[in-house]
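My questions will all concern the structure given below.
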Amino acid sequence: MSIDPVTLAVLQGRLEQIADEMDATLFRSAFNPIIAEAHDASHGLYDAETGETLVQGKTGLPIFVGAMSFAVKSVIDHVARQGETLSPGDIYIFNDPYDGGTHLSDFKLVRPVFRSGRVYCFLASVGHWHDVGGNVPGNYNPVATESFQEGMLIPPVRLFVAGELQRDIVAILQANSRLPTSLYGDLNGQINALDLGERRLQELLDEYGDITVAATMNELQARAGGMMSTHISELPDGVFSATDYLDNDGIVDEPLTIGLDIAITDGRMTLDFSRTASACAGPVNIARSTAIASVYVALKHVFPDVPANAGVLRPIDFIIPDGSLLAAEAPKPVGGYTETVLRVIDTVFVALSKAAPERTSGCAYGTINALSLAGHRRDGRRWVMFSFYGGGHGGHVDGDGLNHGNAPISMATIPPLEILEAAYPVRFTEWALRPDSGGPGEQRGGCGAIYEIELLEEQADAFLFGERGRFAPPGVAGGGSAALNKFEYPVDGVPVTPPMSSKMVGMNLVKGERVRLETPGGGGYGPATARAPEKVAEDVRLGYISVVSAQRDYAVVVDEAGVVDAPATQALRDPAL
Amino acid sequence: MSAGANKGLIAGIDVGGTFTDVFVLDQSSGEYLTGKVPSRRDDPAAAVADGLSTLLADMGALKTVVHGTTVGTNALLERRGARTGIITTRGFRDVLEMRRRDRPATWGLRGSFEPVVPRDRRIEVVERVLADGTVLEAVDPDAVRAAARHLLDLGAEALCIFFVNSYANDANERAALDAVREVWPNDHVTSAASILSEIREFERCSTGALNAYLQPVVGAYLARLQGTLHSNGFAGKTFIVQSNGGAMSVEQAQAVPVKTALSGPAAGVVAAARIAGAAGYANVITCDMGGTSFDVSLVADGQSALAAQTAVDFGMVIRSPMIEINTIGAGGGSIAWVDRAGLLQIGPESAGADPGPACYGKGNERPTVTDANLVLGRINADRPIGGALETLDENAARAALDGHVAGPLGLDPMAAAEAVIRVANARMAGAIRLVSIERGHDPRNFVAMPFGGGGALHIGALIRDVGLASALVPRFPGVTSALGCLMADMRHDRVNTLNVALDDVDPALVEADMRHTMAEGETILRQGGMLLDRIEGEFTLDMLYAGQTHTVSVPISLGEAGGLTREIIAAAFDTAYTRSYGRLLEGISRRIVSLRSAVIGRRPATDLSVFAAPVGGSLEDAILGERDVWSDGGWQRAIIYDRAALPRGTRVLGPAIIEQLDTTIFIDPGLAGEIDHFGNVVIREAAD
């Protein structure tokens, strides 16, 4: 059935609105701030047979846009394998990261939508729960060597059977979390979102008819695929490569290579990750589905106008060798998946910058910096302050990178420091932009941040899961790298950095001691020496860069007040004259 | 209006981007006058005086002027505020620039942000207050004075003092304010906690800094406005509409200009709520369609929904209660285009008022929503609204649609025009669903009220699409905001952060806070000198289950028999939570985050029957002619009526067009419009 252009445009908006409304329902009613504030959740509509993404909300976590289709497919496969029969009102729940992507913290709920007695499509909800067991509160265990140390693993099981909640499953889930109340609240929010999505979709199907809506969804995918092909065919044919590294896996202090070769021919793109390291002992492995989802996110950043559905990946082929860091299997630990995902995105940016620099930007800060401080209050109550920290975005053809942005895989905001201070026995002694952290460039990378935290209680332990302590976020098109990630904690009153640079468990703090996190900025865009001296001088005057960096990186001689020494600058920039 | 009737004249004035609208009402006789003059970017106050003097020979008879202004909004959007400095806690000068670690768009990493106060004008001083209000380090007044002098040397005209945790204890902020006043040469000094005493440092700092940034600009404008009005003989009082729909005195507006950011649009919602209320509808969805945007707001049980904060632009956050208005980029000037995937899109790019739609013939060759309406016969080419143009160029509109929509989509020209309208309607319907269905309201209980120039052309399609009961087109859609200014109550708001478990709260202290705000508000409202019927307090607690971060609004009141108790608060929370989410959660403690107080000075009601249509006469006498209108895939013959001549109680069957100076109403086939007792056209299914 061909669909007229008006109905197509109208239904596109209506379908997206259903997914957006599901997002909003969960954000408002969720218990844990990772969903409620950081929006680490997502909802969408998925194909009845392939699980492919048909429609995705605009407000959910970007990485899930690519990952959720694998989650739905794994339920479809499970049902087929087990010979189970789906009924209206069924909801499957699971968090197996090897099939469904991402990590154990992300619980996926999948619900078939029936029309005329048959499965029409699936609705799914995913949300990052606050604690799912394991060795470390909050589940960022940088020294895990098996997923069993990271948390509980639930395969696809039926949470609802024909509309009936299976309370024993809820009991199992709650018994395996340090924060059972939060878990219960978030689970309820996800169920509410699916209920609402089913209601809205049924209304829409009644109004427009099953066939018209199905034809619309097919057509939207075809068009996303066509648009992606057009974008690719506008790039030069050839092979474009990038290599980047993870600092280490938290167990063995050796860098892990991520090597990418992108071959572009005839409007198709093959991403070959053969030069990538093998799966590692520590928790920075990711499943193949997660690797593909990472590429999806990178491509959507480079080509933001392509509609968000499975069609985006139609002109894309992948080579990801079995046993690689990017194709991990159970029980390899995957808790730190965000770091590897961010690095995959960086390699896509750098490789594509060689084909079309103006389409890309310098790499963003590239690490989630999951930092937790935990202890007991005088009255014995346990407290855990857990948050992700920000950094700079890369310079791009239109301007300097954004200072203190969120990670490319997320739209998460950071909690107000006043709320953290009100909730936990800490005070921030610094919360500032970090000078000289943005990569030099004609368009400078945005600045990372400095966060310094002082303990107000007698004793606490600190845990950090970060990256980019050894390999800085690169620039593109000749732009320079940003600053490295840097973390300091006190040992006998002297600030030291962790042996693994940005990964550490069980750092002990006593009252009055401080930890200090300095995050990377973004990579630069274009050669730094092409930046106008007056813009460099302005950066010095505002304190974004130092006098030293101005001279070393930009070849501009300038004083603290921002006054340029023109002859000296001329001599540095063009020694021939 | 005769000279003798000029007793108790009140004027509502809305200064918009294109026009300055004036509505003058004689409160004793009920006579009224409306006027529309072009706005003047260089001197908005002069346009206000122009507008008034076209209606009134003698401004001396005018007792009160209530004003909705976009001077603050425009200064923010165009970054034309004052050179501003910030004095802040050591270690925290970048709070304003770091925001809440966000980015402008989900996809594409091309964002940038320039704070209104650059980094070198944010000066740190030693001081620290802890989250529990303890002063860890007292502020040194000498250091503050030195910082202020440094900022003056850098050319700062306005100053914001923002200290971390000042919501919990503002002693250091107040001490710094006292010290600064000794050296600062003007009144443009803001202490962040005095504007917003609420936890969340970025939001408080941003609100305070934007307030300082606006003070000189808005202050100068209001001084100039008063000067201009006084030199024309006006001897009365001037009031300004706030973003929350309440009015405040000029002096208040000069102190807290950040509260005027949505002044004009808020006044429109006030008017819509009152007009619909008078006609018997307590549930209204207002639809303001202008040149570049479509603004939707919901009024339930006569009450506007208030949002706690808004972002004027990326990173420019104002946290202050304001009428919740959802805006999408779909106005009359929004451009229709086909994207690379072959999908028809409307906006957000707009041709605005200049060059305007293709049919204006002023250089834009891309089709707009207005061009589509013209080609479909819904707009009269010989009678453009607003009066700036003589005629509209239908051929130019058709050519634009052919080239940019019909061609790429393979549609015939009329189908292309209809497609543009249907997609625009779908987007507008989406915005209405967002504020109604998505918030749990049943659309069948709501009426739509279109205002602005373009809303009435689309309203029939919108009520059908969303399933609204009916639409109410007010007598003067084009001057609704000016009318709203006339009607706005006086209002004073305050937020206090409590951050306490319900089990630990002392209800007597909460009640004391409420009484204190009530007394403070009464004093401020009385100082304004506006005639008030009575003063009321409205109080809500922001509450949640321990562990949640999003709050629900829990209404409480002063004067409970036996005083406020935890049990009363608990019961009110349970009711509010159940309404929002359906089920309560067992065994989890409840917390109070903050107390929101509004002190409202109720104005005497405006008698809206003054807008009633003439009695007697016939429908036939109101007919101006006929023309073909394209609807549902074909041409249909529509009768054209003159709004002013339509008698009370008559019913117009669609397809029909009702023309008036400030708008055009299209009654779709199958719908009917009835003239009610207040001069409104009520549109609903003809079969109902």
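Condition (residue is farther than 30 Å from A:Y525 by Cβ, in a loop (DSSP other than H, G, I, E, B) and either of a type outside the set (S, T, Y) or within 7 Å of chain A (Cβ to nearest Cβ) (or both)) applied to the range B:58-75: is it met by at least one residue? Before the answer, list the steps.
If we filter the range B:58-75 for residues that are farther than 30 Å from A:Y525 by Cβ, which is where we start, we get B:58-75.
The next check asks that each one be in a loop (DSSP other than H, G, I, E, B); those that pass are B:58, B:69-70.
Narrowing the set further to residues that are either of a type outside the set (S, T, Y) or within 7 Å of chain A (Cβ to nearest Cβ) (or both) leaves B:58.
So far as the range B:58-75 goes, yes, one or more of its residues are farther than 30 Å from A:Y525 by Cβ, in a loop (DSSP other than H, G, I, E, B) and either of a type outside the set (S, T, Y) or within 7 Å of chain A (Cβ to nearest Cβ) (or both).
Each row is one residue, and each column tells you yes or no for (1) at positive phi; (2) within 10 Å of chain A (Cβ to nearest Cβ); (3) part of a strand (DSSP E or B); (4) crowded, with 17+ Cβ neighbours inside 10 Å.
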position	(1), (2), (3), (4)
B:G111	no, yes, no, yes
B:V117	no, no, no, yes
B:I123	no, no, yes, yes
B:D132	no, yes, no, no
B:A143	no, no, no, yes
B:A148	no, no, no, yes
B:L152	no, no, no, no
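Taking B:I556 as meeting all but one of (1) surrounded by fewer than 19 Cβ atoms within 10 Å (Cβ to Cβ); (2) outside the structural domain of B:D668 (by TED's automatic domain parsing); (3) not charged (D, E, K, R), write down the number of the exception.
(1)
Still on this structure: A:E203 is checked against (1) closer than 30 Å to A:Q82 by Cβ; (2) part of a helix (DSSP H, G or I); (3) not aromatic (F, W, Y) and fails just one. What number does that condition carry?
Checking A:E203 against (1) closer than 30 Å to A:Q82 by Cβ; (2) part of a helix (DSSP H, G or I); (3) not aromatic (F, W, Y), the one that fails is (1).
Return yes when B:I639 is part of a strand (DSSP E or B), over 33 Å from the mean Cα position of the chain (by Cα) and surrounded by 20 or more Cβ atoms within 10 Å (Cβ to Cβ) and no when it is not.
Values: part of a strand (DSSP E or B): yes; over 33 Å from the mean Cα position of the chain (by Cα): yes; surrounded by 20 or more Cβ atoms within 10 Å (Cβ to Cβ): yes.
When the stated conditions are applied, B:I639 passes them.
Here is a list: A:D305, A:D322. Which entry is surrounded by fewer than 24 Cβ atoms within 10 Å (Cβ to Cβ), part of a loop (DSSP other than H, G, I, E, B) and away from chain B (no Cβ under 14 Å)?
Answer to the check: A:D322.
Of the conditions (1) more than 8 Å from chain B (Cβ to nearest Cβ); (2) surrounded by fewer than 24 Cβ atoms within 10 Å (Cβ to Cβ); (3) part of a loop (DSSP other than H, G, I, E, B); (4) of a type in the set (V, I, T), A:T413 fails just one. Which one is it?
Tallying (1) more than 8 Å from chain B (Cβ to nearest Cβ); (2) surrounded by fewer than 24 Cβ atoms within 10 Å (Cβ to Cβ); (3) part of a loop (DSSP other than H, G, I, E, B); (4) of a type in the set (V, I, T), A:T413 fails exactly one: (1).
In the range B:580-627, how many are within 14 Å of another protein chain (Cβ to nearest Cβ) and not in a loop (DSSP other than H, G, I, E, B)?
Total satisfying the criteria: 7.
Let's see how each residue does on (1) assigned by TED's automatic domain parsing to the domain that holds A:E538; (2) within 17 Å of the chain's Cα centre (by Cα); (3) among the charged types (D, E, K, R); (4) surrounded by fewer than 24 Cβ atoms within 10 Å (Cβ to Cβ):
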| site | (1), (2), (3), (4) |
| --- | --- |
| A:G375 | no, no, no, yes |
| A:E430 | no, no, yes, yes |
| A:G439 | no, no, no, no |
| A:G445 | no, no, no, no |
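If you go through the range B:285-300 one residue at a time, do you hit one that is in a loop (DSSP other than H, G, I, E, B) and over 30 Å from B:G407 (Cα atoms)? Reasoning before the result, please.
Start the filter on the range B:285-300 by keeping residues that are in a loop (DSSP other than H, G, I, E, B), which leaves B:290-293.
Okay, now just the ones that are also over 30 Å from B:G407 (Cα atoms), so none.
Checked against the condition, which is being in a loop (DSSP other than H, G, I, E, B) and over 30 Å from B:G407 (Cα atoms), the range B:285-300 yields no hits at all.
Take the residues of the range A:417-447 that are in a strand (DSSP E or B) and polar (S, T, N, Q): which is farthest from the other protein chains (Cβ to nearest Cβ)? Working first, answer last.
At the first step, the residues of the range A:417-447 found to be in a strand (DSSP E or B) are A:426-433, A:443.
Narrowing further to those that are polar (S, T, N, Q): A:429, A:443.
Values: A:T429: 6, A:Q443: 10 Å.
Once the filter is applied, the top-ranked residue is A:Q443.
Now for a separate question. Please indicate, with yes or no, whether at least one residue in the range A:378-390 is aliphatic (A, V, I, L, M), surrounded by fewer than 24 Cβ atoms within 10 Å (Cβ to Cβ), within 11 Å of another protein chain (Cβ to nearest Cβ) and touching a Lys or Arg at 6+ places or on another chain (Cβ under 9 Å).
First pass over the range A:378-390, keeping only residues aliphatic (A, V, I, L, M): A:384-385.
Cutting the leftovers down to surrounded by fewer than 24 Cβ atoms within 10 Å (Cβ to Cβ) gives us A:384-385.
After this cut, where a residue has to be within 11 Å of another protein chain (Cβ to nearest Cβ) as well, the list is none.
No: the range A:378-390 contains no residue that is aliphatic (A, V, I, L, M), surrounded by fewer than 24 Cβ atoms within 10 Å (Cβ to Cβ), within 11 Å of another protein chain (Cβ to nearest Cβ) and touching a Lys or Arg at 6+ places or on another chain (Cβ under 9 Å).
What is the one condition in (1) within 30 Å of B:H677 (Cβ to Cβ); (2) in contact with a Ser or Thr (Cβ under 6 Å, 6 or more places away or on another chain); (3) of a type in the set (A, V, I, L, M) that B:A501 does not satisfy?
Just one mismatch for B:A501, condition (1).
Let's see how each residue does on (1) under 30 Å from A:V65 (Cα atoms); (2) touching a Leu at 6+ places or on another chain (Cβ under 7 Å); (3) at the interface with chain A (Cβ under 10 Å from one of its Cβ atoms):
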| position | (1), (2), (3) |
| --- | --- |
| B:N165 | no, yes, yes |
| B:A168 | no, no, yes |
| B:V180 | no, yes, no |
| B:D187 | no, no, no |
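Hey, another quick one. List the residue pairs whose Cβ atoms are under 6 Å apart, where the first residue sits in the range B:84-102 and is small (G, A, S), the second is surrounded by fewer than 24 Cβ atoms within 10 Å (Cβ to Cβ) and assigned to a loop (DSSP other than H, G, I, E, B), and the two are 6 or more positions apart or on different chains.
Qualifying pairs under 6 Å: B:G85/B:A156.
Turning to a different aspect of this structure: Of the residues B:G268, B:G277, B:G264, only one is without any contact (Cβ under 8 Å) to a residue 60 or more places away in the chain and part of a helix (DSSP H, G or I); which? Full working, then the answer.
Numbers: B:G268 fails: without any contact (Cβ under 8 Å) to a residue 60 or more places away in the chain; B:G264 fails: without any contact (Cβ under 8 Å) to a residue 60 or more places away in the chain.
Step by step, each of B:G268, B:G277, B:G264 is checked, and only B:G277 is without any contact (Cβ under 8 Å) to a residue 60 or more places away in the chain and part of a helix (DSSP H, G or I).
Taking the range A:19-33 on its own, how many of its residues are surrounded by 22 or more Cβ atoms within 10 Å (Cβ to Cβ), at the interface with chain B (Cβ under 10 Å from one of its Cβ atoms) and aliphatic (A, V, I, L, M)?
1
Looking at this structure, is B:A488 within 21 Å of the chain's Cα centre (by Cα), crowded, with 24+ Cβ neighbours inside 10 Å and more than 25 Å from B:G356 (Cβ to Cβ)? Before the answer, list the steps.
Values: within 21 Å of the chain's Cα centre (by Cα): yes; crowded, with 24+ Cβ neighbours inside 10 Å: yes; more than 25 Å from B:G356 (Cβ to Cβ): yes.
So B:A488 fits the description; yes.
Yes or no, residue by residue, for (1) within 11 Å of another protein chain (Cβ to nearest Cβ); (2) surrounded by fewer than 17 Cβ atoms within 10 Å (Cβ to Cβ); (3) not in a helix (DSSP H, G or I):
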| site | (1), (2), (3) |
| --- | --- |
| A:N188 | yes, no, no |
| A:R199 | yes, yes, no |
| A:G226 | yes, no, no |
| A:P236 | no, yes, yes |
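Further question: Go over the candidates A:G366, A:G401 one by one and state the one that is assigned to a loop (DSSP other than H, G, I, E, B), touching a residue at least 24 places away in the same chain (Cβ under 8 Å) and either facing another protein chain (nearest Cβ under 10 Å) or aromatic (F, W, Y) (or both). If you could, list the steps in order and put the result at the bottom.
Working: A:G366 fails: either facing another protein chain (nearest Cβ under 10 Å) or aromatic (F, W, Y) (or both).
Within the list A:G366, A:G401, the selection yields A:G401.
Among what's in the range B:194-231 and is free of Cβ contacts under 8 Å to residues at least 40 places away in the same chain and among the polar types (S, T, N, Q), pick the residue that is nearest to the other protein chains (Cβ to nearest Cβ).
B:S194
Somewhere in the range B:351-367, is a residue of a type in the set (D, E) and either buried (at least 18 other Cβ atoms within 10 Å of the Cβ) or under 24 Å from the mean Cα position of the chain (by Cα) (or both)?
Just the residues of the range B:351-367 that are of a type in the set (D, E), to begin with: B:354, B:365.
Within this subset, residues satisfying the condition of being either buried (at least 18 other Cβ atoms within 10 Å of the Cβ) or under 24 Å from the mean Cα position of the chain (by Cα) (or both) are B:354.
Yes - at least one qualifying residue is present in the range B:351-367.
In the range A:448-472, how many residues are touching a residue at least 60 places away in the same chain (Cβ under 8 Å), touching a Pro at 6+ places or on another chain (Cβ under 7 Å) and within 12 Å of chain B (Cβ to nearest Cβ)?
1
The values are calculated or read from the model by the stated rules, or taken from the named source; none is laboratory data. These figures come from a predicted structure and were not determined experimentally. Cβ atoms come from the backbone with ideal geometry, glycine included; neighbour counts cover every protein chain shown.
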